[in-house]
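Novice: Sharing a structure with you now.
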Amino acid sequence: MEKSLIHSNELHFIGKKRIHQAVEKMVESLDLAAGSTTGFDLYAVVEAYFTDLEKRREINRLLHLDRDTCEED
């Protein structure tokens, strides 16, 4: 069976539980002590990036990504 891939204009379809599970795997693979602590929360950043188009645009601007690649539905 072919796996259905999620494209950039469909990121909001990924559930928060699945996003958090993926961040947990990233934290483990990077040997980080935690994914969140005072002033540092990978869970919140990744969740916001995937689920909120406006926050994704803000994050892209902060990272100086000149081209706005965020797609609307």
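A quick yes/no check of all residues on (1) in contact (Cβ under 8 Å) with a residue 60 or more places away in the chain; (2) of a type outside the set (Gly, Ala, Ser); (3) touching a strand residue (DSSP E or B) at 6+ places or on another chain (Cβ under 9 Å):
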residue	(1), (2), (3)
SER4	no, no, no
LYS16	no, yes, no
ILE19	no, yes, no
GLU24	no, yes, no
TYR43	no, yes, yes
PHE50	no, yes, no
LYS55	no, yes, no
ASN60	no, yes, no
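Novice: Pick from the stretch 18-33 the residues that are loosely packed, with under 12 Cβ neighbours inside 10 Å and under 12 Å from the mean Cα position of the chain (by Cα): which of them is nearest to ASP52 (Cα to Cα)?
Specialist: In this case the residue turns out to be ARG18.
Novice: Just to verify a result, which residue in the stretch 34-48, among those that are surrounded by fewer than 16 Cβ atoms within 10 Å (Cβ to Cβ) and small (Gly, Ala, Ser), is nearest to GLY15 (Cα to Cα)?
Specialist: Of everything passing the filter in the stretch 34-48, ALA44 is nearest to GLY15 (Cα to Cα).
Novice: If only one of ASP68, ASP31 is modelled with pLDDT of 85 or more, outside any helix (DSSP H, G or I) and acidic (Asp, Glu), which one is it?
Specialist: None of the others qualify; the one that does is ASP31.
Novice: Determine, yes or no, whether ASP73 is at pLDDT below 95, among the acidic types (Asp, Glu), within 18 Å of ILE6 (Cβ to Cβ) and under 12 Å from the mean Cα position of the chain (by Cα).
Specialist: no
Novice: Among the residues of the stretch 1-54, which ones are in contact with a His (Cβ under 7 Å, 6 or more places away or on another chain) and among the β-branched types (Val, Ile, Thr)?
Specialist: THR51
The values are calculated or read from the model by the stated rules, or taken from the named source; none is laboratory data. Values in this document were obtained by computation on a predicted structure and should not be read as measured data. Positions of Cβ are backbone-derived with ideal geometry, glycine not excepted, and every protein chain shown enters the neighbour counts.
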